[in-house]
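To start, the structure itself, in structure tokens.
The values are calculated or read from the model by the stated rules, or taken from the named source; none is laboratory data. Just so it is clear, the model here is predicted, and its values are computed rather than measured. When we count neighbours, we look across all protein chains shown, and the Cβ atoms used for this are built from the backbone with ideal geometry, even at glycine. Only protein heavy atoms, including side chains, enter the accessible area calculation; ligands, DNA and RNA are left aside. Shrake-Rupley method; radii C 1.70, N 1.55, O 1.52, S 1.80 Å.
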Amino acid sequence: MTNKTTPYAIELQDISKRFGAVQANKDICLQVPAGSIHGIIGENGAGKSTLMSIIYGFYEADTGHIEVDGKRVDIRSSQDAINAGIGMVHQHFMLVENFSVLENVILGAEGGALLKGGVDAARIELQRLAKEYSLDIDVDAIVEELPVGLQQRVEILKALYRGARILILDEPTGVLTPQEADHLFRILKALKDQGVTVLLITHKLREIMASTDNVSVMRQGQMVAHRETAKTDKEELAELMVGKKVRLTVDKGEAKPSDVFLSARNLSQFDSQGVKRLKNVSLELRAGEILGIAGVSGNGQSELLNVLSGIEPMGEGEIHIAGQVITANAPKNAAQMRELKMAHVPEDRHKMGLVTGFEAYEAAVLGYHNSDTYNGKVLMDRKVMVDECNERMAAWDVRPPNPHLKTANFSGGNQQKIVIAREVEQNPDILLIGQPTRGVDIGAIENIHEQIVKLRDSGKAVLLVSVELDEIMALSDRIIVMFDGAVVGELDAKDADERTLGLMMANAYSEEKEEVPA
Amino acid sequence: AEPAVVYDQAGKFDKSFNEGVYNGVKKYTAETGIQVREFEPKNEAQVEQGLRRLAKRGYSPIVTVGFNMTSAVEKVAKDFPEVNFTIIDGVIDLPNVQSVVFKEHEGSFIVGAVAAMASKTNAVGFVGGMDIPLVRKFGCGYEQGVKHVSSNASVFQNMTGSTGAAFNDPTKGSELAKSQFSKGADVVFAAAGGTGIGVYQAAKDEGKLAIGVDSNQNHIQPGTMLTSMVKRVDLAAYNTYKDSVAGTWAPGLVVLGLAEGGVDWALDDNNASLITADMKAKVQDIRSKIVSGDIKVHDYMSDSTCNY
Amino acid sequence: MSQAKVPAWVNIALIPFLNIMLAFVVSGLIILAIGEDPIEAAGYLIYGAFGYDEGVGYTLYYATNLIFTGLAVSVAFKGGLFNIGGEGQAYIGGLGVGLVCLALDHTMPFYIIAPLAILGAAAFGAAWAYVPAYLQARRGSHIVITTIMFNFIASSLMVYLIVNWLKEDGRMAPNSRTFEENAWMPYLHELFSPLGIDIGDSPLNVAFIIALVCCVFVWGLIWHTRWGYQLRTLGTNPTAAKYAGIDTAKVTIWAMLISGGLAGFVGINEIMGVNHSLLLNFTAGYGFAGIAVALMGRNHPIGIILAAILFGALYQGGSELAFEIPTITPEIVIVIQGLVILFSGALEHMFKDRIEGFFIRRAVA
Amino acid sequence: MFETLILMLDATMRVSTPLIFAALAGLYSERAGIVDIGLEGKILGSAFAAAAGAAVFGSAWIGLFFGIMASVSLAMVHGFACITHRGDHIVSGVAINTIVAGLTVTLSMNWFGMGGQTPTLSGDSRFLSVTLPFADALANVPVIGLIYSELLSGHNILVYLAFAMVPVTYWVIYKTRFGLRLRAVGENPHAVDTAGISVAFIRYRALIVCGILCGLAGAYLSTAHNAGFLKDMSAGKGYMALAALIFGKWRPVPVLLACLLFGFLDAVAIRMQGVVIPGIGEVPVQAIEVLPYVLTVLLLAGFIGKAIGPKAIGRPYVKERA
Ligand SMILES: Nc1ncnc2c1ncn2[C@@H]1O[C@H](COP(=O)(O)OP(=O)(O)OP(=O)(O)O)[C@@H](O)[C@H]1O
Ligand SMILES: Nc1ncnc2c1ncn2[C@@H]1O[C@H](COP(=O)(O)OP(=O)(O)OP(=O)(O)O)[C@@H](O)[C@H]1O
Ligand SMILES: [Mg+2]
Ligand SMILES: [Mg+2]
């Protein structure tokens, strides 16, 4: 650390940051050599995002300072960071959804009072960047109509367009397919070769091992360790993060599938514009099995979950469940589906699964609020709700175990536990579960996976939607792959590997199969 | 006891009859040096509250302005029999209340006649403020006056609106006037408080004639104000104070029409050039016929219709 | 989490107090500018609002209207609906009260008229909210516009009905006839005087009690029933509401019906309680003031009661002030009301952040 | 019939003008994420300041300047509350409307002593109508002549300015850097912030533009359409403008159409009064008066569908994750 032959691309000294009573960062020091990929890991709430936001000038540090290329820089706003050559891809994208890609890219770097000149210049520059880093994109597309993977590409292009030499990525792969993630890492590699320094935050140790040069570990606001990636392994990193040993695999016995609990025939669904989003999907879900739905996000999985759970009306087809037939003319809403003992953990806990303004005990009955358990003759029985919430928080190790804390104030992982506990504890016959571990740290993932398997082993049916292939492969007994709203393949989990699934998800499997033998 | 006045919710500067009362109050104070206690309530509850407070503190006589106060004055007057009240535009039968009402239909008849004489197109207009019986009474009298002079004349009648704001919407007043002009009217009578300002302005802008209301408004747009229908509410207030001092104030109903000088048309330097001697003579003739009873002017409020 | 470190009295008492003080300081400057003594003015204002029993009565009488409209705004707001139509709903609610009283006062005793009138107020107010509610729920029409439009429509409708149908013949003012006394809401001072308690002669009547009952009702409804749970879910996260299987259209419509019904109760206070006849414009802007009351009261019944009393005090104290110092016109009192809304409503965070920061730092240190 | 229509459209132009200014003002504010129910107050404040300025200095232009200054100052108060101090936009707007309603009357009583009115304006202290070239010459040409000389010619400069502001606004919003940032800040202020642009600064600038346009609306009322200030003379135009803004889905051209529709309905209502419909008799004034409102509701229910505003509207910007 002392022999400074080449200056570090970025060096942090004694950065501290406090939010109200929470010490988010404490005396953080970090050195990142130029042209390297540096990983940062840590549990939910460890302070990673905060630290990156400080580097990017989004928050101002309380103490400490930052050096870029050996020179001390005063970063008070994102503009200062951009001027210092720092770019950031945020955990939650910072895009204007109803703008075109081009408009998003030039925002803040328009190059003149009128848009015309800047737009034309950007078009040319984006073409160059696209070629150089294989970041192809339709620059005139509206961002909200793009799949997440491409939205992220826009974020990267934004940073590069501003000439970033230091690129920060906060949990970039949370929403990507393995192929997309691989593509991302190839891009990062190319950037690295051009001398760009990359700071990468991720919960996935596999990615750290595969692509970084160095890794730093944060715990409870502090930097607890720095390692050269080549000289460490997943187990050590996991232990450093959580502070105790963790298992990284799922223990799971043979499935014993029996009765068909749910069967869907030719399900179709149309969006408000009348576009067919779900195309003649048929599937069967049996007791005692976990059926995994794999697919790049945006290929109809969300619509499938919404239609099955009764949130969106179906367009065509029928669902058979618990001896009942549900069709477009005889629909059931989400509450009625729950009565048929179907539980649903939605993909997006903030948008759907929770009401962030509610206290935990209230959020813990969402969807079951009409149940007799929680209601007296007229009034809701608060005591029952709080008591039950207390029990569940203990059972599921929700931290802090405070039923009266606002849902918003739990970390993502703990919010997820509240949602899953709510659904699983209803003892459903069928569990629909979407992205169960999105943005959840390693410790919590282990617990969630165990619970899902436990449910299966007790003879229930689980439909799992996830964009994490690792997760699909680790949990599922049978896997269905979706592409463009339709089912493009089904296979036994034993026959699945990452490559096959990845190709099927890109609907390129059959083509390649034909090529390979030739 | 000291005198007082309670205006209605439009406030003492309403460009209309509250302001008229205010002018009477001013005149009295200027002449006698006696201050008159003023109160402007802002809602229904404050009317009664203010009256009570004044009565409790021994103010007398208390002039109250507008029919909206009738029920409040009635209650308070009952509770304070030693205090004298005068209500303008309202009628209360109590031994300590004087009720002053005006024959607005007579004054409106006169200006209607003037309008008909001045009109070259044989079409005239009327813009009322809020659509209430009192305003319809103006319109009805006006129409009769017009028809008296020219039985085949067209009279366009418009009300500005249905809420209190209709007395305070010059923009709409101006548009209503313009629409009447475009239909052929060339004289417009506004009985619409502040809304009238817009009517007079529109007349001025289009080179047409307008007739003012309540006080003499000829000065507002000299040259295009044909005349004004004056309603001497100032006199009612002034007389109450004067008579009170002189000991001649008496309860009961006081009806002020043309004969009593309570309503009239206004003739001054501002409109002298618009009124020919011939017109003046004709108007005076009509005037005396009304006073003598030869011409009967129908009062809209007597039967809520304008059939004459 | 950070909130926990700040003593409760800071948020509940200190900060609102500072905000109101600031509003009064600015008002004082305006009063100084027109050449009057602000201290004397403040004296009249406070004395007028709280200094003697009759003044308190008036303050609470105004507060009664504001509690109704404040609750109305807040119930809709809890469901994510912005009901600007309180004014019109109150107006039509008054029509309901008036019709019941006019129809029954000759034949029925008070204890039959009163509940029917209350029902009438609620039903008419709710009915007036129904169309905007339906259009919002089923057709997606923007409720802000439709409720504004319905205010205008209500006012025209009332004028039409009163002037053409309900006006008492031979009466100059566009009022209905005065109800018989058995259709009057009893004044509180009349109820108290047999008990030997003199609370001053003011328009304060039983409607105030009804308002307090409504507060309890709304509190229970929103925070303790499953319907309230659904409403709050819809208001904070409509997608979650769909996920939970809540019939959002139905909840929306009911929220507006309840909101309109509450606003309609203004008619009880004004028509049955004070004016004893049906007349024009008795709503006098209470529907709009209710928006400020609800927001300043944080959409919580307790907050709404406090905010309503604050505004009631400004109405009553302001009238006293304008009465005692004639150069201070009612318009200046309106300015003062505006300043209070500005400083304790819109600028509530001005001191808040700094003061909270101070206490948090102290707590952490 | 044709002539009546032309005259009605002529009135439509006059009546719509303040609505157009105010609705466009709201468009700048709301596209930047600031709800503005204070349009009403700004119009009223400007109407007073413009009339007062014009009366004192004898020039409509000086009046206009004062009107704009007053309105911009009010917009800045709104900004101070909503942007700097993250206050509730609606409460701030209500506060501003209330303060202005009282203050204009108070000040005009203190300054002019005419009971809340300013002196009547005439000559140079008012914006008078301008006759377009050849208007008189063309007046007798059938159809075209009437359209040109009655409908297009003979308005005051502010009317033309209002209509010109629509394409200008379109251009500013969609074709300039300022417009891009303004739209972005109303949709996702975080995106703007992380792009290194100050959210507050953009919003303040949007409010300044909003203030200027409301200033024009107010000055039009008191120094062009009318000749002087009268208390409460804005008479709900701010609310109607807001309705037009939502009706027009926050886009310049549809907003213009909404304003014209409201203006036209108003003009129709004015001309329909007292009309006797066979079989029904004379239509009550009130029925005609409510026509614009009822039609608005019907149109909203039938044709316009859901109006979805800028995503970040009304929410104070704080640096937190969404
Ligand atoms: N805007 C904020 N306001 C208040 N406190 C905050 C804010 N952002 C973060 N914190 C606090 O800072 C701590 C660190 O949060 P941060 O988001 O940096 O964690 P993280 O390591 O990125 O977690 P994750 O892995 O879940 O993304 C949190 O526990 C939280 O208490
Ligand atoms: N605005 C805030 N105020 C206070 N604490 C916050 C705030 N935002 C986040 N936190 C805290 O930050 C911690 C981490 O939250 P964060 O949202 O980063 O979780 P997460 O695991 O990243 O979830 P997700 O990926 O879904 O955002 C939590 O403990 C939460 O309480
Ligand atoms: Mg994070
Ligand atoms: Mg996270």
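Numerical summary
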item: Verdict on A:Q152 being of a type in the set (S, T, N, Q) and closer than 21 Å to A:V105 by Cβ; result: yes
item: Where a residue in the stretch B:250-277 is free of Cβ contacts under 8 Å to residues at least 12 places away in the same chain and its partner, wherever it lies, is open to solvent by less than 70 Å² (accessible area, probe 1.4 Å), with Cβ under 7 Å and at least six apart; result: none
item: Meets criteria (open to solvent by less than 50 Å² (accessible area, probe 1.4 Å), of a type in the set (G, A, S) and within 8 Å of another protein chain (Cβ to nearest Cβ)) for A:A113; result: no
item: Filter result for the condition that a residue is more than 16 Å from ligand 2 (Cβ to nearest atom) and either open to solvent by 30 Å² or more (accessible area, probe 1.4 Å) or free of Cβ contacts under 8 Å to residues at least 60 places away in the same chain (or both), over C:Y52, C:Y58; result: C:Y52
item: Residues of the stretch A:410-463 that turn out to be of a type in the set (G, A, S), within 16 Å of ligand 2 (Cβ to nearest atom) and more than 14 Å from every other protein chain (Cβ to nearest Cβ), as a count; result: 3
item: Any hit, the stretch C:204-217, residues being open to solvent by less than 20 Å² (accessible area, probe 1.4 Å), farther than 17 Å from C:A121 by Cα and away from chain A (no Cβ under 14 Å); result: yes
item: Residue selected from the stretch A:425-457 under the condition among the charged types (D, E, K, R) and within 27 Å of A:E236 (Cβ to Cβ), by the criterion surrounded by the most Cβ atoms within 10 Å (Cβ to Cβ); result: A:D441
item: One residue from A:S476, A:S466 being within 16 Å of ligand 2 (Cβ to nearest atom), touching a strand residue (DSSP E or B) at 6+ places or on another chain (Cβ under 9 Å) and either open to solvent by less than 30 Å² (accessible area, probe 1.4 Å) or in contact (Cβ under 8 Å) with a residue 24 or more places away in the chain (or both); result: A:S466
item: The stretch B:154-167, residues that are away from chain C (no Cβ under 14 Å) and open to solvent by less than 10 Å² (accessible area, probe 1.4 Å); result: B:N158
item: Single residue of C:G318, C:G345 found to be modelled with pLDDT of 90 or more, within 25 Å of C:T64 (Cα to Cα) and surrounded by 22 or more Cβ atoms within 10 Å (Cβ to Cβ); result: C:G318
item: Every pair of residues 6+ apart whose Cβ atoms lie under 8 Å, when the first sits in the stretch D:67-79 and is farther than 23 Å from D:S125 by Cβ and open to solvent by less than 30 Å² (accessible area, probe 1.4 Å) while the second is aromatic (F, W, Y) and in a helix (DSSP H, G or I); result: D:G79/D:Y204
item: Failed condition for D:I288, given (1) open to solvent by 10 Å² or more (accessible area, probe 1.4 Å); (2) more than 16 Å from ligand 3 (Cβ to nearest atom); (3) at pLDDT below 80; result: (1)
item: Criterion: facing another protein chain (nearest Cβ under 8 Å) and more than 25 Å from A:A190 (Cβ to Cβ) - qualifying residue of A:Q23, A:Q91, A:Q13, A:Q79; result: A:Q79
item: Candidates A:G42, A:G64, A:G57, filtered to the one that is away from ligand 3 (no atom under 16 Å from the Cβ) and surrounded by 24 or more Cβ atoms within 10 Å (Cβ to Cβ); result: A:G57
item: Qualifying residue in the stretch A:39-49 (condition: away from ligand 2 (no atom under 16 Å from the Cβ), out of contact with any His (no Cβ under 8 Å at 6 or more places or on another chain) and more than 10 Å from every other protein chain (Cβ to nearest Cβ)); result: yes
item: Members of the stretch B:243-254 found to be surrounded by 17 or more Cβ atoms within 10 Å (Cβ to Cβ) and part of a helix (DSSP H, G or I), listed by number; result: B:S244
item: Residues satisfying the stated conditions in the stretch A:193-222, i.e. within 16 Å of ligand 3 (Cβ to nearest atom) and either open to solvent by less than 40 Å² (accessible area, probe 1.4 Å) or over 29 Å from A:Q23 (Cα atoms) (or both); result: A:L199, A:L200, A:I201, A:T202, A:H203, A:E207, A:I208, A:S216, A:V217, A:M218, A:G221
item: Qualifying residue in the stretch A:196-212 (condition: at pLDDT below 85, within 16 Å of ligand 2 (Cβ to nearest atom) and in the same structural domain as A:S78 (by TED's automatic domain parsing)); result: yes
item: Filter result for A:M88 (within 16 Å of ligand 1 (Cβ to nearest atom), under 30 Å from D:Y174 (Cβ atoms) and in contact (Cβ under 8 Å) with a residue 40 or more places away in the chain); result: yes
item: Flag for A:H183 being in contact with a helix residue (DSSP H, G or I) (Cβ under 9 Å, 6 or more places away or on another chain) and within 16 Å of ligand 1 (Cβ to nearest atom); result: no
item: Within the stretch D:90-137, tally of residues that are more than 9 Å from every other protein chain (Cβ to nearest Cβ), assigned to a helix (DSSP H, G or I) and not aliphatic (A, V, I, L, M); result: 7
item: Search result, residues across the stretch C:229-264 that are more than 20 Å from C:A127 (Cβ to Cβ), out of contact with any Gly (no Cβ under 8 Å at 6 or more places or on another chain) and more than 8 Å from every other protein chain (Cβ to nearest Cβ); result: C:A241, C:T248
item: Residues located in the stretch C:281-308, provided they are open to solvent by less than 20 Å² (accessible area, probe 1.4 Å), within 14 Å of chain B (Cβ to nearest Cβ) and over 9 Å from the mean Cα position of the chain (by Cα); result: C:F282, C:T283
item: Lone unmet requirement of (1) crowded, with 20+ Cβ neighbours inside 10 Å; (2) within 13 Å of chain D (Cβ to nearest Cβ) for A:Y133; result: (2)
item: Qualifying residues in the stretch A:50-102 (those that are of a type in the set (F, W, Y), within 15 Å of ligand 2 (Cβ to nearest atom) and touching a Ser or Thr at 6+ places or on another chain (Cβ under 9 Å)) - the one farthest from D:L180 (Cα to Cα); result: A:Y59
item: Tally of residues being under 29 Å from A:S297 (Cα atoms) and either in a helix (DSSP H, G or I) or within 21 Å of the chain's Cα centre (by Cα) (or both) across the stretch A:361-380; result: 1
item: Test: C:I30 is away from chain A (no Cβ under 14 Å), within 25 Å of the chain's Cα centre (by Cα) and of a type outside the set (S, T, Y); result: no
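Yes/no matrix, rows are residues, columns are (1) more than 9 Å from every other protein chain (Cβ to nearest Cβ); (2) over 24 Å from D:Y170 (Cα atoms):
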| site | (1), (2) |
| --- | --- |
| D:H225 | no, yes |
| D:L230 | no, yes |
| D:V255 | yes, no |
| D:A258 | yes, no |
| D:R271 | no, yes |
| D:V275 | yes, yes |
| D:A287 | no, yes |
| D:V297 | no, yes |
| D:A301 | no, yes |
